[in-house]
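The values are calculated or read from the model by the stated rules, or taken from the named source; none is laboratory data. Since this is a predicted model, take the numbers as computed values, not measurements. Heads up, the Cβs are rebuilt from the backbone with ideal geometry, glycines too, and the neighbour counts pull from every protein chain shown. For accessibility, only protein heavy atoms count, side chains too; no ligands or nucleic acids. Shrake-Rupley method; radii C 1.70, N 1.55, O 1.52, S 1.80 Å.
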Amino acid sequence: MLYSDKRGKTKKVKRKVKPDEAPVQEMDQAEGEETEKKSVSGPCFPPTFSVSEIKNKQRRHAMFLKLKEEKRKQKLELKKKKKKERKALGDQAPPKEVPKTIENQRIYDETTVNPEDEEVAFDEGTDEFSAYFSRLTNPKVLITTSDRPRGRTVRFCEQLATVIPHAHVYYRRGLALKRVIPQCVSRGFTYVMVINEDRKVPNGLVLCHLPDGPTAHFKVSNVRLRKEMKRRGKDPTEHVPEVILNNFSTRLGHSIGRLFAALFPHDPQFVGRQVATFHNQRDFIFFRFHRYIFKNEKKVGIQELGPRFTLKLRSLQKGTFDSKFGEYEWVHKRHEMDSSRRKFHL
Amino acid sequence: MAAKSQICSIWLGSETGILKGVSLTKKQAFNFCEMSCLSRDQEVCVMAWGDPQESEVLVGSVNGTVKTFSIDKGIFTATRECGDPSQGRFTGLAVTDSSMITCVESGLLKVWKEGSTETVEVNVGNGICRMQQNPSQRHRVATGGKENPLKVWDLERPDKPIFTAKNVAHDWLDMRVPVWVRDIGFIPDSDKIVTCTGHQQVRVYDPSTPQRRPVLEARFGEYPLTALSLPASRGTVVVGNTHGELAILDLRKGLVCGCLKGLAGAVRGLQCHPSLPLVASCGLDRFLRVHSLEDRSLQHKSSSADDSGDVEEVKAEEEGDEVWDTMETVTEKTKKRAAQKDEATITGVDGKKKRKLVEKVM
């Protein structure tokens, strides 16, 4: 009975490397191979050989490490060569190549908003947020959690309330959101923010714009409370922070950006050097809260205060919170939308 | 303008009141807007073909006006006040020979005769979600809504409906099953009516039988079904729900044949081509998509820039000598469909395109 004698090259044992072949062939070719190996210095493998076919884990690992080292050497040589050529050419050297990143290679989204697009401008001028952007109303935010929140979530809510002006934290008491919302509307709230908690850690955020505005549902991750942050400044003051929205380029991104911007009152005369940043990158929205100070015209120092967290949009629903019967403007469908690494929606 | 409107095969109405025409052959969308009177109260609620030749599009807005758009000329030709916004939005618009039928949410169904100011009014009950006209018997309309069962009315005898559906029996907990008819479709070649409800049910009723309860009930998904359309091939129906899931259901067994992928937002308008196995859908995600029903693949996708509302009429001009005129209203962000199936249309656009009268008219 023949069985394939798969041997790999090991550093410890000097063995003739036998390629991974069919058992029958190997016996026949073994001698042939050995003679070949004697004549050729390095091992020669058939072109279809790959490291993963070696069954022995140690040998496979050793083989892989060798392979990697070879590759690294080759890469270094190439780099050196290029550098020499560059130096030699001097001024006429071709410009440095820009490395490809996922952001560079992003698939162009059809809904990317063109700043001069009138339709979009009209749409935004008449949507639910237009009242804020024309300074007619001031935001008033209600922050609550899912039922029976635990310590971390409670502290997160409190810290959020210091970051967002005119925010009030209320204990949930097991009330139904659909009943809470009309009451909030009657008391003049403009936003309801519900932090969902799972296993003592906040993991979801439902942001509902109140009169009859859109409801966004986010997944929250990587929450860092104030005392966990290194080199942070003192607590935020009562001043209204500025808002920075980065990279919300598509139509959906615009809607979400406006949703965040309307959380904060509008006042171009910035008082207090605090800024809240919502940075969108690869569909993740990073929230940071800083205090800045301009040391001179060009240099600025920043201190991070306040909580930091990451959001990912799961769905945007038209109308106030109604997950069963509401109409969704955008729903994240993992298998359809996440099939390409270079496609983003926000 | 006229040239642009004549090549458009799909018409959408948007939430800002813009009528958009999409040309599939040129893969371009054109906006037809009445001067610069964009406003949210011009939001398109319903659309319908103005005439059997599909040369006019009737657009009903939230503020109660019905505008006529002529495809040949490329401009809005007439505006008509048909009710006021206090009655609710338009839920159905239809045209019979020389008169226009409108229905609003509060249940007021009016037949507007051409040239005279008298209207025949029928109260069809409160909370109407949809009013649909039988394409073969144009004087029959069906209405349905939230807690308002399916009723078929004959406009020649408007005092009583000719068919009222009965609610299904109590469920396994012995509780009354709620009624919420969202969209209605008439199955051609027969008396049957198919409805889709907000409680994920698709039901088929047969008024010719003494049974007033549904003949067939099928369930799909976990979210309210918002739009329905009957393709040219019999025996199937395409439905869409608020999560952007489009499914083809078989009406013989009540099973799901397959789903059409791609939509990310609620489906507002669905319209099938009268003869080709194609379906156009628009929704709150601001895209118009055309899928093929045979292999369920996406044939065409175009962005509607701002929210696409109802896809009202899909008028398709294919090289196959047919004009696919289906109107779907697309409102920005919402898509409504005023499905007006392609009735027999004789196109004069190319000269050689001709459509034989569909058998349903017979």
How many nm separate the modelled label positions at B:Ala3 and A:Cys44, each set 7 Å beyond the Cα in the direction of the Cβ? 6.9 nm
In whole Å and largest first, what semi-axes does the C-alpha gyration tensor of the range B:174-231 yield when each eigenvalue is scaled by 5 and square-rooted? 19, 16, 8
Could you pull out the pairs from A:Lys80/A:Lys230; B:Lys26/B:Lys67; A:Lys230/A:Lys295; B:Lys110/B:Lys146 whose alpha carbons sit more than 30 Å apart here? A:Lys80/A:Lys230
Find the eigenvalues of the gyration tensor of the Cα atoms of chain A, then list the square roots of 5 times those eigenvalues as equivalent ellipsoid semi-axes, largest first, in whole angstrom. 57, 27, 22
Gain upon complete extension [A:His61, A:Ser340; 0.36 nm per residue less C-alpha separation]: 97.3 nm
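Taking a quarter of the surface of the Cα convex hull of the range B:1-81, what do you get in nm²?
Details: hull surface 19.3 nm².
About 4.8 nm², averaged over all directions.
Using +1 on the beta carbon of Lys and Arg, -1 on that of Asp and Glu, and nothing else charged, what's the dipole of the range A:115-338 about the Cα centre, debye to 20? Write out the running numbers ahead of the final one.
Details: 37 positive and 26 negative charges, 360 e Å.
Around 1720 debye, computed over the range A:115-338.
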Just from the alpha-carbon atoms, what are the Rg and Dmax of the range B:109-237 in angstroms? 15.1, 55
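222 nm [θ] for the protein assembly as shown, helices only, -39500 (n - 2.57) per DSSP H run of 4+, per residue, to 500? Provide the component values of the computation, followed by the final result.
On the way: 9 runs with 106 residues, N = 708.
The helix contribution divided over the protein assembly as shown gives -4500 deg cm²/dmol.
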Just how much of B:Arg203 is accessible, in Å², when a 1.4 Å probe is used and the result is rounded to the nearest 10? 10 Å²
Taking all pairs of different Cα atoms in the range B:177-276, averaging 1/r and flipping that mean, what Kirkwood radius in angstroms comes out? 13.5 Å
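Taking only protein heavy atoms into account and a 1.4 Å probe, give the accessible area per residue of the protein assembly as shown in Å².
On the way: 35490 Å² over 708 residues.
Per residue, the protein assembly as shown has 50 Å² of solvent-accessible surface.
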Tell me, what is a quarter of the convex hull surface for the C-alpha atoms of the range A:96-221, in nm² with one decimal? 11.9 nm²
Interface A/B, total buried accessible area with a 1.4 Å probe, nearest 100 Å²? 2400 Å²
For the range A:51-91, with equal point scatterers placed on the C-alpha atoms only and solvent neglected, what are the log10 I(q)/I(0) values from the Debye formula at q = 0.25 1/Å, to two decimals? -0.77
For the protein assembly as shown, the Debye formula with one identical point scatterer on each Cα and no solvent gives log10 I(q)/I(0) at q = 0.10 Å⁻¹ as -0.99
Could you give the length gained on full extension between A:Asp198 and A:Arg282, defined as 0.36 nm per residue of separation minus the Cα-Cα distance, in nm? 27.8 nm
Across every pair of different alpha-carbon atoms, what Kirkwood hydrodynamic radius in Å does the range A:187-346 reach? 17.2 Å
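Please compare each pair in A:Lys219/B:Lys253; A:Lys57/A:Lys343; A:Lys200/A:Lys312 to a cut-off of 29 Å on the Cα-Cα distance and tell me which ones are over it. Provide the component values of the computation, followed by the final result.
Working: A:Lys219/B:Lys253 40 Å; A:Lys57/A:Lys343 37 Å; A:Lys200/A:Lys312 20 Å.
Distance filter (> 29 Å) returns A:Lys219/B:Lys253; A:Lys57/A:Lys343.
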Taking the full set of protein chains and a 1.4 angstrom probe, give the accessible area of A:Phe45 in square angstrom, rounded to the nearest 10. 70 Å²
Taking H placed 1.01 Å from N in the peptide plane, check which residues at least 5 places from A:Thr145 or on another chain put their amide H under 5 Å from its amide H. A:Arg172, A:Ile195
Cα-Cα pairs of the range A:157-221 separated by more than 13 Å (percent): 67 percent
Where in the range B:112-129 does the label zone of B:Arg80 land, with the point 7 angstrom along Cα→C-beta and an amide N cut-off under 15 Å? B:112-121
At most 12 other Cβ within 10 Å, DSSP loop - trypsin sites (Lys or Arg not before Pro), the range B:1-102: B:Lys26, B:Lys27
Which residues, if any, in the range A:109-146 lose at least 50 square angstrom of accessible heavy-atom surface (probe 1.4 Å) when the other protein chains sit next to their chain rather than the chain being alone? A:Glu110, A:Glu119, A:Phe122, A:Asp123
Rounded to the nearest Å, what's the spacing between the alpha carbon centres of the range A:257-280 and the range B:192-236? Just the number, please. 49 Å
Using θ = phi - 60° and Karplus 6.51 cos²θ - 1.76 cosθ + 1.60, couplings along the range A:98-106 (whole Hz; Gly, Pro as x): 7, x, 7, 10, 5, 5, 5, 8, 4
Volume in Å³ per residue [convex hull over Cα atoms, computed for the range B:221-311]: 76 Å³
Using a Gaussian network model of chain A with C-alpha springs under 10 Å, which one of A:Glu128, A:Glu85, A:Glu119 is most mobile by mean-square fluctuation? A:Glu85
Normalised by the residues of chain A, what does the relative contact order come to in percent, with Cα pairs under 8 Å and at least six apart? 15 percent
Could you work out how far helix A:151-163 tilts from the main Cα principal axis of chain A, as a 0 to 90 degree angle to the nearest 10? 60 degrees
Across peptide A:331-339, how many C-beta atoms of other chains are within 10 Å of each residue C-beta, on average? 3
Taking amide H positions as placed 1.01 Å from N in the peptide plane, with prolines and chain starts having none, which residues 5 or more places from B:Arg268, or on another chain, fall under 5 Å of its amide H? B:Cys282, B:Gly283, B:Leu284, B:Lys335
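Can you tell me how the range A:160-265 classifies by the Cα gyration tensor, rounded, prolate or oblate, using a/c under 1.5 as the rounded cut? Can you show the working numbers first?
On the way: a/c = 1.41, a/b = 1.17, b/c = 1.20.
Rounded.
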Report the far tail of the P(r) of the range B:48-147, meaning the percent of Cα-Cα pairs longer than 21 Å. 29 percent
Suppose the chain between B:Glu121 and B:Cys257 were pulled fully straight at 0.36 nm per residue; how much longer would it get relative to their current alpha carbon spacing? 44.9 nm
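Can you check what the net charge comes to around B:Asn148, using other residues whose Cβ is under 12 Å from the Cβ of B:Asn148 (Lys, Arg +1; Asp, Glu -1)? Intermediate values should be presented prior to the final figure.
Numbers: positive: B:Arg130, B:Lys146, B:Lys151, B:Arg182; negative: B:Glu105, B:Glu147.
Taking every Cβ under 12 Å from that of B:Asn148, the sum is +2.
Provide the packing ranking of A:204-211, A:186-193, i.e. peptides ordered by the mean count of other C-beta atoms within 10 Å per residue, highest first.
Details: A:204-211: 20.4, A:186-193: 16.9.
Top to bottom by mean Cβ count within 10 Å: A:204-211, A:186-193.
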